[in-house]
Amino acid sequence: MTVQVYDTTLRDGAQQEGLNLSVADKLAIAVHLDNLGVGFIEGGWPGANPKDTEFFSRAAAGELTLNHAVLAAFGSTRRAGGEAASDPLVQALLDAQTPVVCLVAKSHSGHVERALKTTTEENLAMVRDTVSFLHGSGRRVFVDCEHFFDGYALDRDYALAVVRTAAEAGAEVVVLCDTNGGMLPTQVSEAVADVVEQTGANLGIHAHNDTGCAVANSMAAIAAGAMHVQGTVNGYGERTGNADLLTVVANLQLKRGYDLVEPARLAQSLHLAHAISEITNIAPHGRQPYVGHSAFAHKAGLHASALRVDPDLYQHIDPTLVGNSMRTLVSDMAGRASIELKGKELGYDLTGQPELLARMVSKVKERENQGWTYDAADASFELLLRDEVVGEPLSYFQVESWRVISESGQEGGTSEATVKLQAAGRRVIATGEGNGPVNALDHALREALASAYPELEKLELVDFRVRILDASHGTDAVTRVLINTRNDQRTWTTIGVAPNIVQASWVALLDSFAYGLLKAGVEPR
């Protein structure tokens, strides 16, 4: 059986708190969705939202070219007591010039009477009239039965009547919506199976994640006979979000054998998830199934020992199928196998070097006991491993001293840092100003090293995280700092641990610069 994949990131996903998409953002995301290979992209609600109206206008004018997906416009059935042919919002759906129109219709008798303030008979007429009009106007019509599962539990006969009415009027697919997100998989599968048997309609599923079951409910609906699934990339949506379409597609294709998207497109899942995260400005979720940074990360030493023999022993799929990769995390739980696997991942063959592995295990565990955490700082671990393998520390420069002065005034505070170091055979003293001590140290260090290492111009600090260890010690507690840095090729994380935040930041900053130069292929000079 074929399953239609319908994305509603641009409409339902955009209802997420803190997510605000411009028209340009929506056009860019639509291209990414098309590249994934989804069948339908819901662009928004023309007529009800000026931004969405502009999106469809610009798409129709040629600013959006879709090679695979079909664009859909979302709207509602006509107003109570009116006619579809003269309803301005229905006309706006035609003006959007999309091949597909998706209508939201009430299927919960309580919502019909209390929210729409009309009769159940008039609601059926609204569904019939609107679907017939749009179908007769040459549009493919899908109907989203809002609050279907709650309505089905309250008044099964009426919920079924809405489905029959939509299908008989020409709806290609009738989508059962768990609008409140309160259903569990068994409830969904039982209801879908009953609706299939009673109506014979082509059914779809639209699940929200309020019970944490949106993906499971989508899978249950498909297993029970639905042939159309709706969701959003990265699970975006109001409250707790919608079914994550990337997870649903991967589950159906890799676990159930459905041929939904080309394998090469599925292998772009991680790239697409992160690309859309950049547009929405919402950080990727590290533990997101399939495409999360931690989805195939292994920390325990027992896992690493088995993974060294066969990666499939602790992985449910080959991560490359979704564009991800296996990662070994190094921590105080690490054994020799973890270090060996991590070394291989970083390009160091440690096979047959038990003494080096033993030293690294001992060093990692000792440092983690002091507050370091290498599972979150791969770059610092690689520098540590590299020094052990080579036999001497990597040294691009030698710091004599550094200091920071912070002051506050009527217009706010500033910091000034001074760094004294040796680089490229000469002594350098440099000063930098910033809006904080770490920012000032970053500027001073760049100024000191600019002539010796111009490659540092490409480095950009993008994240800075602080954790106070042993907080019961108050201001005397140990501080851990993680710094994320990127250049035009990669992003990396370094760590510093020290008695105070400035000193810990300095340690992480030095590692960040050294790692950036190492990966740029720069030789110490």
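The values are calculated or read from the model by the stated rules, or taken from the named source; none is laboratory data. Since we're looking at a predicted model, the values are computed, not measured. In this analysis, Cβ positions are derived from the backbone assuming ideal geometry, glycine residues included, and neighbour counts consider all displayed protein chains.
Suppose we filter Ser472, Ser451, Ser408 for residues that are polar (S, T, N, Q), at pLDDT below 85 and farther than 23 Å from Ala498 by Cβ; which single one remains? Please lay out each step first, then the result.
On the way: Ser472 fails: farther than 23 Å from Ala498 by Cβ; Ser451 fails: at pLDDT below 85.
Unique residue meeting the criteria: Ser408.
(1) within 30 Å of Arg490 (Cβ to Cβ); (2) surrounded by 17 or more Cβ atoms within 10 Å (Cβ to Cβ); (3) not small (Gly, Ala, Ser): which one isn't true of Asn281, the others all being true?
All conditions pass for Asn281, except number (2).
Considering the stretch 66-83 alone, what residues qualify as being touching a helix residue (DSSP H, G or I) at 6+ places or on another chain (Cβ under 8 Å) and among the β-branched types (Val, Ile, Thr)?
The answer is Thr77, and nothing else.
I need a count of the residues in the stretch 238-256 that are small (Gly, Ala, Ser) and under 15 Å from Gly182 (Cα atoms).
2
Hey, can you tell me all the residues within the stretch 223-251 that are surrounded by fewer than 24 Cβ atoms within 10 Å (Cβ to Cβ), of a type in the set (A, V, I, L, M) and part of a helix (DSSP H, G or I)?
Selection gives Ala223, Ala224, Ala250.
Only one of (1) closer than 24 Å to Gln370 by Cα; (2) modelled with pLDDT of 90 or more; (3) of a type outside the set (S, T, N, Q) fails for Asp442. Which number is that?
(1)
Quick test of your reading of the structure: Leu93 fulfils all but one of (1) closer than 23 Å to Val233 by Cβ; (2) at pLDDT 95 or above. Name the failing condition by number.
For Leu93, the exception is condition (1).
Quick one: Leu350 ticks every box in (1) buried (at least 17 other Cβ atoms within 10 Å of the Cβ); (2) assigned to a loop (DSSP other than H, G, I, E, B); (3) out of contact with any helix residue (DSSP H, G or I) (no Cβ under 6 Å at 6 or more places or on another chain) bar one, so which box is it?
Evaluating Leu350 over (1) buried (at least 17 other Cβ atoms within 10 Å of the Cβ); (2) assigned to a loop (DSSP other than H, G, I, E, B); (3) out of contact with any helix residue (DSSP H, G or I) (no Cβ under 6 Å at 6 or more places or on another chain) leaves (3) as the failure.
Kindly evaluate Leu421 against the criterion of being touching an Asp or Glu at 6+ places or on another chain (Cβ under 7 Å), surrounded by fewer than 18 Cβ atoms within 10 Å (Cβ to Cβ), hydrophobic (A, V, I, L, M, F, W, C) and not in a loop (DSSP other than H, G, I, E, B).
On the way: touching an Asp or Glu at 6+ places or on another chain (Cβ under 7 Å): yes; surrounded by fewer than 18 Cβ atoms within 10 Å (Cβ to Cβ): no; hydrophobic (A, V, I, L, M, F, W, C): yes; not in a loop (DSSP other than H, G, I, E, B): yes.
Judged against the criteria, Leu421 is not a match.
Are any of the residues in the stretch 462-469 surrounded by fewer than 19 Cβ atoms within 10 Å (Cβ to Cβ) and aromatic (Phe, Trp, Tyr)?
Filtering the stretch 462-469 down to residues surrounded by fewer than 19 Cβ atoms within 10 Å (Cβ to Cβ) leaves 462-469.
Those still in the list that are aromatic (Phe, Trp, Tyr) too: 464.
Within the stretch 462-469 (the criterion being surrounded by fewer than 19 Cβ atoms within 10 Å (Cβ to Cβ) and aromatic (Phe, Trp, Tyr)), the answer is yes, since at least one residue qualifies.
For the subset of the stretch 216-227 comprising residues that are in contact (Cβ under 8 Å) with a residue 40 or more places away in the chain and in contact with a helix residue (DSSP H, G or I) (Cβ under 8 Å, 6 or more places away or on another chain), which member is farthest from Leu184 (Cα to Cα)?
Start the filter on the stretch 216-227 by keeping residues that are in contact (Cβ under 8 Å) with a residue 40 or more places away in the chain, which leaves 221-222, 226-227.
Next, only the ones that are in contact with a helix residue (DSSP H, G or I) (Cβ under 8 Å, 6 or more places away or on another chain) stay: 221-222, 226.
On the way: Ala221: 11, Ile222: 14, Ala226: 16 Å.
Among residues in the stretch 216-227 that are in contact (Cβ under 8 Å) with a residue 40 or more places away in the chain and in contact with a helix residue (DSSP H, G or I) (Cβ under 8 Å, 6 or more places away or on another chain), the one farthest from Leu184 (Cα to Cα) is Ala226.
Of the conditions (1) more than 30 Å from Arg156 (Cβ to Cβ); (2) more than 27 Å from the chain's Cα centre (by Cα); (3) touching a residue at least 12 places away in the same chain (Cβ under 8 Å), Ala84 fails just one. Which one is it?
The single condition Ala84 does not satisfy is (1).
What is the number of the single condition among (1) among the hydroxyl-bearing types (Ser, Thr, Tyr); (2) touching a residue at least 40 places away in the same chain (Cβ under 8 Å); (3) not in a helix (DSSP H, G or I) that Ser277 does not meet?
(3)
When you check Lys342 against the structure, is it at pLDDT below 80, touching an Asp or Glu at 6+ places or on another chain (Cβ under 6 Å) and not in a strand (DSSP E or B), yes or no?
Spelling it out, it is not the case that Lys342 is at pLDDT below 80, touching an Asp or Glu at 6+ places or on another chain (Cβ under 6 Å) and not in a strand (DSSP E or B).
Looking at the stretch 7-23, can you tell me whether even one residue there is surrounded by 20 or more Cβ atoms within 10 Å (Cβ to Cβ), in contact with a Cys (Cβ under 8 Å, 6 or more places away or on another chain) and in a strand (DSSP E or B)?
No.
Working only within the stretch 166-187, note down all residues that are more than 24 Å from the chain's Cα centre (by Cα) and closer than 23 Å to Phe40 by Cα.
Ala166, Ala167, Glu168, Ala169, Gly170, Ala171, Glu172, Val173, Val174, Val175, Leu176, listed by residue number.
Scan the stretch 64-79 and tell me whether some residue there is among the aromatic types (Phe, Trp, Tyr) and under 21 Å from Asp7 (Cα atoms).
Residues of the stretch 64-79 among the aromatic types (Phe, Trp, Tyr): 74.
Within this subset, residues satisfying the condition of being under 21 Å from Asp7 (Cα atoms) are 74.
Within the stretch 64-79 (the criterion being among the aromatic types (Phe, Trp, Tyr) and under 21 Å from Asp7 (Cα atoms)), the answer is yes, since at least one residue qualifies.
Within the stretch 137-154, can you find the residues that are more than 29 Å from Ala92 (Cα to Cα) and surrounded by fewer than 16 Cβ atoms within 10 Å (Cβ to Cβ)?
Ala153, Leu154 - these are the residues of the stretch 137-154 that are more than 29 Å from Ala92 (Cα to Cα) and surrounded by fewer than 16 Cβ atoms within 10 Å (Cβ to Cβ).
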